[in-house]
Each structure stands twice: as structure tokens, then as C-alpha cells.
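Presented below is the structure to which this report refers.
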Amino acid sequence: MEASNENDAVFRDALQGLHNGDFSRLETLFDDEAGRGRARIVDWYEEGRFRTEEKALAEALTCACFLGRTSVATYLLTHGLDPSGGAGTGLNAFHWAVNRGQLETVRLLIQWKAPLEPRSMYGGNVLDTAVWSAINEPRPNHLQIIEEL
């Protein structure tokens with residue numbers, strides 16, 4: 001019973017983090033646990049914990065894209081999530097993937113036909129975000145991402 005209560009508390013904390021855009025803090029929830037091959041976020045989805053938490057689930061996709069957890073993003077997309085994800089931070093899943101230089105995640109979103117046109121809170125679309133990021137917050141994959149967009 002104690003382990004269940006602890007898992008509930010961790011889930012509630014994760015919901016708060018997803019709503020607040022605390023994506024870096026949530027990173028361990030998107031990692032494979034103990035070599036099991038799946039993340040805790042996936043376990044929670046399969047347990048039905050996100051059934052009434054649609055906004056948090058959309059933010060979970062955005063968080064996976066921010067972190068470059070392509071396997072988690074793939075899982076969520078194959079289970080019906082909109083490839084744009086949530087935009088509670090002012091940037092959606094695609095904006096964050098390009099900003100953070102997550103090339104494989106960007107390729108996944110292109111494959112799933114995530115729209116390039118949505119504007120972030122800064123007024124830029126996905127390509128604008130990629131160019132701005134390459135200039136102001138450069139990461140190794142930015143040029144390749146811009147070419148693929």
C-alpha cells in the first residue's frame with residue numbers, strides 16, 4: 001500500500017510539473033526504468049492515469065519532444081495524441097524539439113505530419129524557432145534540422 005501511495009504522489013507531482021512546463025525536472029520519468037525498456041510515463045498511460053488529464057497528456061508529448069525521448073513520443077503518437085502536443089509553455093512539441101536540437105524527434109514529428117505553421121508565444125513558426133535557436137542557442141543538430149524542415 002505504501003508503494004502505491006508513493007506512486008500516486010509522484011504522479012500528482014508529475015502532473016503539476018507537466019502543467020508548469022518543468023520538463024527538465026521530469027526527465028527521469030521519461031527514461032527507461034531499470035532496463036525495462038519503458039518509461040514511467042508509459043506505465044501511467046497504460047494504467048489509465050491520464051484518462052481525465054488530457055492537457056497533462058498533451059504536455060507529456062511536448063515534454064518527450066523537449067527531452068528527445070523519441071521512443072516515448074512514438075508511443076504517445078501511436079496511441080492517438082495530436083503530434084503538436086501541448087503548448088502550455090508557449091511552445092508546442094515541434095517548437096521544443098527544434099529548439100533543443102532533437103533531430104530524431106524532429107524526424108518523427110515530420111513523419112507524423114506535425115504542422116509547421118503554429119506560432120509560438122514569440123510569434124515564430126517551427127522553422128523560425130529552429131533558425132532563432134541555431135543563432136542564439138546553438139546545438140549540434142540545428143543546421144540538419146533546418147535543412148530537413
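Coordinate-derived values only; no laboratory data. Keep in mind it's a predicted model, so treat the numbers as computed, not measured. Cβ placement follows ideal geometry from the backbone for every residue including glycine, while neighbour counts extend to all protein chains displayed.
Side notes on the structure shown:
- Kirkwood Rh and Cα Rg combined as Rg/Rh, the range 40-90: 0.92
- Size of electric dipole in the chain: Cβ of Lys, Arg +1 and of Asp, Glu -1, about Cα centre, debye, nearest 20: 300
- Relative contact order of the chain, pairs being alpha-carbon contacts under 8 Å that are 6 or more residues apart, as %: 17
- Exposure proxy order (Cβ contacts within 10 Å, fewest to most) of V98, V42: V42, V98
- For D31, the residues whose modelled amide H falls within less than 5 Å of its own, excluding neighbours fewer than 5 places apart on the same chain, are R40.
- Global form of the range 63-128, assessed from the alpha-carbon gyration tensor, a/c cut-off 1.5: prolate
- Per residue, the convex hull spanned by the Cα atoms of the chain amounts to 107 cubic angstrom.
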